[in-house]
Amino acid sequence: MTIIFASSVLIDIDHYFASVLYGNGFGILKAFRWYMTKEENAKERFYKWIIPLHSIEFFIILIAAWYFSIGYISSIIGYIIIGCLLHIILDLYELFFSPYPLYLKLSFFYSFYRNWKIYKNQKI
């Protein structure tokens, strides 16, 4: 149960990395404040690009690791998959009622490609 809870919370580490790459430094409180601010324009440009742990590609890697693992490691990875799935289901539910497209939380590479095409034609 602890592994399921931890994995459902720690999957959001990519939000922290987005804050670090955006230039807010390495502080967790700075990242939290950045994420909680309503400066959508600044966050929107960068945040859409950096959510690799919220994607089908990440789950493919987890399922492959689970399939090829043996013993208690297999159980641990299975619990991690369950926790991450619970988190993604809640994220998709929230995203369904927001103005953002669902593909942002479904495929990292597809969302990167779509955003690249959109931003390539705009001046940022």
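Looking across region 81-124, the residues that are within 20 Å of SER7 (Cα to Cα) and open to solvent by 100 Å² or more (accessible area, probe 1.4 Å) come down to ILE89, LEU90, TYR93, GLU94. Within region 69-81, can one find any residue that is under 19 Å from the mean Cα position of the chain (by Cα), of a type in the set (A, V, I, L, M, F, W, C) and at pLDDT below 85? For region 69-81, residues under 19 Å from the mean Cα position of the chain (by Cα), of a type in the set (A, V, I, L, M, F, W, C) and at pLDDT below 85: absent.
Summed over region 4-19, the residues that are open to solvent by less than 30 Å² (accessible area, probe 1.4 Å) and outside any helix (DSSP H, G or I) give a count of 1. Of everything in region 50-69 that is of a type in the set (A, V, I, L, M, F, W, C) and without any contact (Cβ under 8 Å) to a residue 24 or more places away in the chain, the residue that is least open to solvent (accessible area, probe 1.4 Å) is LEU62.
The values are calculated or read from the model by the stated rules, or taken from the named source; none is laboratory data. Only a predicted model underlies this, so the values are computations on that prediction, with no experimental measurement involved. Cβ atoms come from the backbone with ideal geometry, glycine included; neighbour counts cover every protein chain shown. All accessible areas refer to the heavy atoms of the entire protein, side chains included, with ligands and DNA or RNA removed. Shrake-Rupley method; radii C 1.70, N 1.55, O 1.52, S 1.80 Å.
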